[in-house]
1. Place the peptides 315-325, 61-71 in order of packing, highest mean first, counting for every residue the other Cβ atoms within 10 Å and averaging per peptide.
2. In Å and on Cα atoms, what radius of gyration and Dmax does the range 7-254 show?
3. Hey, can you rank 41-52, 258-269, 283-294, 7-18 by average C-beta count inside 10 Å, highest first?
4. Looking at this model, which pairs from Lys252/Lys331; Lys98/Lys340; Lys140/Lys280; Lys148/Lys224 are more than 30 angstrom apart at the alpha-carbon?
5. So what is the relative contact order for the chain, in percent, with contacts set as C-alpha pairs under 8 Å and at least six apart?
6. Would you kindly derive the ³J(HN,Hα) couplings of the range 106-113 from the backbone phi angles with the Karplus curve 6.51 cos²θ - 1.76 cosθ + 1.60 (θ = phi - 60°), listing them in order in whole Hz, with x for Gly and Pro?
7. Which number comes out as Rg/Rh for the range 257-389 once both Rg and the Kirkwood Rh are worked out on C-alpha atoms?
Amino acid sequence: MTKTLRPKTALVHGGTMRSQFGETSEALFLTSGYVYETMEAAVKRFTNEEPGFIYSRFANPTIRMFEERMTLLEGAGDARATATGMAAVTAALLCCLKSGDHVLSSQALFGSCRFVIEELLPRYGITSTLVDGRDLKAWKAAIRPNTKIVFLESPSNPTLEIIDVRAVADIAHSVGALLMVDNVFATPILQRPLELGADIVVYSATKHIDGQGRCLGGVILSSKEWIADNLHNFMRQTGPSISPFNAWVMLKSLETLDLRVREHSRNAEAVANFLETHPKIARVLYPTLASHPQHKLAMSQMNMGGGIVAFDVAGGQAGTFRFANALKVIKISNNLGDSKSLITHPATTTHQRLTEEQRAEVGINAGTVRLSVGLEDVQDLIEDLNAALIHA
Ligand SMILES: Cc1ncc(COP(=O)(O)O)c(C=O)c1O
């Protein structure tokens with residue numbers, strides 16, 4: 001398969017390796033190991049004299065199909081799939097950092113990413129600084145000669161802050177650092193960080209890539225050289241690999257990713273428009289709304305707004321809990337990117353580790369909720385929200 005496939009075709013056919021049975025649907029190779037005809041063949045496999053699979057901790061045909069399809073979709077040089085999105089973030093950082101290095105990151109991050117950068121890396125002598133990602137002066141002031149990785153999430157979880165990826169890539173490159181983007185909220189369909197200057201892209205495939213809340217997974221994408229020189233051996237020796245079964249689910253889900261993400265976005269925009277007119281809603285954050293503080297920047301980087309809406313319910317935490325408890329179609333869950341609409345209260349769940357002051361810095365208030373808009377009929381979602389808001 002050539003690299004000239006358009007994205008929607010690559011999502012359906014990219015990376016397919018057919019077995020001798022000529023199956024239409026990609027095969028699930030649920031195997032840990034591989035057999036060799038002879039002992040000599042095993043030696044040649046281990047010394048790279050002959051191509052082939054050795055052990056599924058390093059490579060497996062189903063996982064490879066998923067990685068190659070993602071590589072084509074993202075326009076990257078290569079990819080590695082991991083057990084979870086957090087395994088992707090942690091492996092991508094640890095594989096190329098060492099004691100004495102510095103990481104510069106935006107402060108509006110998913111809670112576990114913030115833990116890895118703020119608490120875990122410093123235990124190993126890798127210092128970090130977190131800045132307000134919207135403030136380019138703050139990025140410039142905090143970059144150091146020993147900064148090796150600049151990390152950001154845009155739109156951010158949960159308050160949909162937008163970061164100027166091109167400008168931050170230039171700041172990173174000015175000291176020879178690489179820009180790593182967590183592109184979970186935008187998905188590869190709506191935002192292409194490598195084209196905006198990023199060097200490494202990471203995903204929680206658990207979210208829109210699976211899209212039906214079944215499997216955990218992650219993906220790291222970059223140039224062929226960066227993967228070969230940094231990630232390949234790290235993954236092989238430390239083993240944060242995805243299971244072939246989960247990779248197969250992700251691979252098959254990619255076939256409908258474009259359709260699903262666009263429908264999630266259309267539904268989310270309709271929900272955001274409805275919420276903006278509701279008297280019990282104090283604030284709505286959604287990238288395509290003209291009221292979003294970085295609406296213009298968002299639209300210069302993204303094709304559509306994505307499936308997540310953040311909003312503040314009047315009446316603080318108590319009013320918000322009464323509202324969420326009254327929802328019937330929309331379910332309470334901290335996952336996102338599912339075909340089912342899911343709502344969560346970040347201050348008491350995904351971002352409860354932060355202090356109240358840190359939460360305020362990234363715009364998480366007592367009444368803030370994050371709604372992952374699903375694939376239901378949007379009128380049912382709007383009616384559900386409208387009925388539940390009576391209780392706020
Ligand atoms: C922005 C972002 N990054 C990373 C992760 C971690 O992904 P996972 O739950 O697959 O480890 C999540 C999910 O919770 C997320 O929302």
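1. Going from most to least packed, we get 61-71, 315-325.
2. Computed over the Cα atoms of the range 7-254, radius of gyration and Dmax are 18.6, 62 Å.
3. Ranked from most to least packed, the peptides come out as 258-269, 283-294, 7-18, 41-52.
4. Result: Lys98/Lys340; Lys140/Lys280 exceed 30 Å.
5. Computed over the chain, the figure is 16 percent.
6. My calculation for the range 106-113 gives 6, 7, 7, 10, 4, x, 6, 5 Hz in order.
7. Reported Rg/Rh, Kirkwood definition of Rh: 0.94.
Throughout, read-outs are computed from the coordinates displayed, never taken from laboratory work. Bear in mind that the values here come from a model prediction, so they are computed numbers and not experimental data. Cβ: placed from backbone, ideal geometry, glycine included. Neighbour counts: every protein chain shown.
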